[in-house]
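Presented below is the structure to which this report refers.
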Amino acid sequence: MTEPRISGKWARLSAPAYHQPNPRMLAEVAAGLSAPQKELSPKYFYDHRGSELFEEITRLPEYYPTRTERGILAAWMPTLIPQLGTRALVELGAGSAEKSRIIISAMQAASTANRYVPIDVSASFLSQTAMQLRREYPGLAVEPVVADIAEEFERPRGLSHPALYAFLGGTIGNFYPPAAIRLLGRVRQAMEGADRLLLGVDLRKDVSRIEAAYNDSQGVTAEFNRNMLLVLNHELGANFDTAMFEHRAFYEETTHRIEMHLVSTLEHEVRVPGIGLVPFAAGESIRTEISCKHDRASVAELFLAAGLRIETWRADPEALFALVVGVAA
Ligand code: SAH
Ligand code: AVI
């Protein structure tokens with residue numbers, strides 16, 4: 001069995017102990033916790049437990065994106081994949097690859113399946129996903145890559161074409177627009193010939209529907225949010241007390257995005273080795289995630305800036321979520 005390839009600077013994120021913190025993570029966290037609005041990257045949600053909690057979120061009644069996107073994929077892939085003749089699937093932020101199976105099965109049905117390259121920052125979860133897929137699809141080359149897709153995008157070597165670059169789940173919305181454009185631009189650079197991008201985007205809609213998806217009644221999203229503090233404790237040896245922080249998620253109408261925060265309930269200090277004592281006022285928050293919601297015009301704008309154009313746009317009948325095929329402009 002091939003172990004996931006771990007790209008240089010991320011090698012230590014998967015290390016079990018905090019005595020050798022990843023220097024890049026330490027620098028990012030130091031900058032984020034000293035900003036006037038404290039902010040941490042949502043990639044720090046995803047240790048093994050965080051990835052499991054996200055899977056739980058996808059099954060919540062309030063969290064409509066996953067099941068809606070699955071419905072669009074199930075209806076569309078059996079015709080789209082033979083049309084494109086997809087031979088290799090490269091997936092950014094693959095997670096459990098639960099919905100990717102719909103694409104892989106369509107590739108197998110069209111007898112074009114050849115290679116699956118899931119890319120994710122969550123090393124142990126990715127390894128588990130790859131093992132399961134090898135069992136389910138004997139004959140398919142599964143080649144996981146552990147990497148931060150915000151930082152680098154190595155074109156997988158020896159890829160068969162046409163390749164499909166999939167970025168599902170609406171994860172593009174977790175990037176600020178300039179970072180989203182850089183990321184899509186790198187995918188565009190990697191694409192050649194008849195390669196395509198398949199992008200999942202969560203759509204703008206009734207605010208109460210969106211806010212409910214990030215404030216579920218079972219408190220799973222709150223646990224997912226607080227898990228970031230446990231990741232910092234584990235990776236950096238910090239002493240965050242999760243009981244001191246409340247989950248808050250709200251929609252910002254002007255920027256069309258959900259913001260998730262962890263709000264300190266009391267004034268207190270947290271020790272982060274290598275950074276020092278981090279003060280929190282009562283009511284002060286750390287922004288842990290944005291989740292931008294889109295429409296066709298906002299996707300076209302991102303694509304244009306990244307050298308892509310929309311080839312096909314397909315939303316569900318309620319227009320909750322869309323899958324977009326992107327092609328080099
Ligand atoms: N594609 C799956 C999972 C979405 S959850 C779905 O649609 O359900 C977001 C995934 O992206 C997680 O698996 C997380 O580990 C990964 N991820 C988040 N930020 C990342 C980053 N900067 N680089 C690589 N992977 C990232
Ligand atoms: C992974 N990403 C698309 C999810 C989202 O909806 O923005 C992460 C998430 N955050 C809270 N719930 C789910």
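Some points to look at:
- Accessible carbon and sulfur surface of the chain relative to its total accessible area, %, 1.4 Å: 53 percent
- For Glu152, the amide hydrogen comes within under 5 Å of no other amide hydrogen, counting only partners 5 or more places away or on other chains and with H modelled in the peptide plane.
- Rg over Rh [alpha-carbon atoms, Kirkwood Rh] for segment 22-102: 1.12
- Under 5 Å, built H, 5+ apart or other chain: amide partners of Leu203: His294, Phe321, Ala322
- Relative to the compact-globule estimate of 2.2 N^0.38 Å, the Cα radius of gyration of the chain comes out at 0.99.
- Between 0 and 90 degrees, the angle of helix 177-190 with respect to the longest Cα principal axis of the chain falls at about 40 degrees.
- Only Lys, Arg (+1) and Asp, Glu (-1) charged, at Cβ; segment 71-147 dipole about Cα centre in debye: 160 debye
- Paramagnetic reach from Asn239 (point 7 Å along Cα→Cβ, amide N under 12 Å) across segment 251-272: 269-272
- Distance histogram for segment 38-189 (every C-alpha pair counted, 10 angstrom bins, percent rounded to whole numbers): 10, 40, 39, 10, 1
- Per-residue ellipticity at 222 nm from helix content only, as computed over the chain with -39500 (n - 2.57) for each DSSP H run of at least four residues, stands at -11500 deg cm²/dmol.
- Dipole magnitude of the chain about its Cα centre (Cβ charges: Lys, Arg +1; Asp, Glu -1), debye to nearest 20: 1080 debye
- Residue range of the chain that is longest and free of trypsin sites (Lys or Arg not before Pro) which are both DSSP loop and sparsely packed (at most 13 other C-beta within 10 Å): 158-329
- Computed from Cα positions, the angle between helix 64-84 and the longest principal axis of the chain comes to roughly 30 degrees.
- Accessible surface of His268 - all protein chains present, 1.4 Å probe, nearest 10 Å²: 30 Å²
- Approximate spin-label separation Glu252-Ser160, in nm, with each point projected 7 Å along Cα-to-Cβ: 4.5 nm
- For Phe250, residues with placed amide H under 5 Å, excluding near neighbours: Glu259
- Rounded to the nearest 10 square angstrom, Ser96 shows an accessible area of 20 square angstrom against a 1.4 Å probe.
- In sequence order, calculated HN-Hα J values of segment 276-281 (Karplus, 6.51, -1.76, 1.60; Hz; x Gly/Pro): x, 8, 9, x, 10, 7
- Solvent-accessible surface of the chain, averaged per residue with a 1.4 angstrom probe and all protein chains in place: 42 square angstrom.
- On full extension, the segment bounded by Glu318 and Glu269 gains 13.0 nm, given 0.36 nm per residue less the C-alpha separation.
- The C-alpha atoms of the chain define a longest principal axis, and helix 100-109 lies at about 10 degrees to it.
- If R0 is taken as 45 Å, the Cβ-Cβ distance between Leu304 and Gln108 corresponds to a FRET efficiency of 0.85.
- Binned Cα-Cα distance frequencies in segment 154-303 - 5 Å width, integer %: 2, 8, 14, 16, 14, 13, 13, 10, 7, 2, 1, 0
The values are calculated or read from the model by the stated rules, or taken from the named source; none is laboratory data. Note that the structure is predicted; figures quoted are calculated from it, not measured. Glycine gets a Cβ as well: all are built from the backbone with ideal geometry, and neighbour counts include every protein chain shown. We work out accessible area using only protein heavy atoms, side chains counted, and drop any ligands, DNA or RNA first. Shrake-Rupley method; radii C 1.70, N 1.55, O 1.52, S 1.80 Å.
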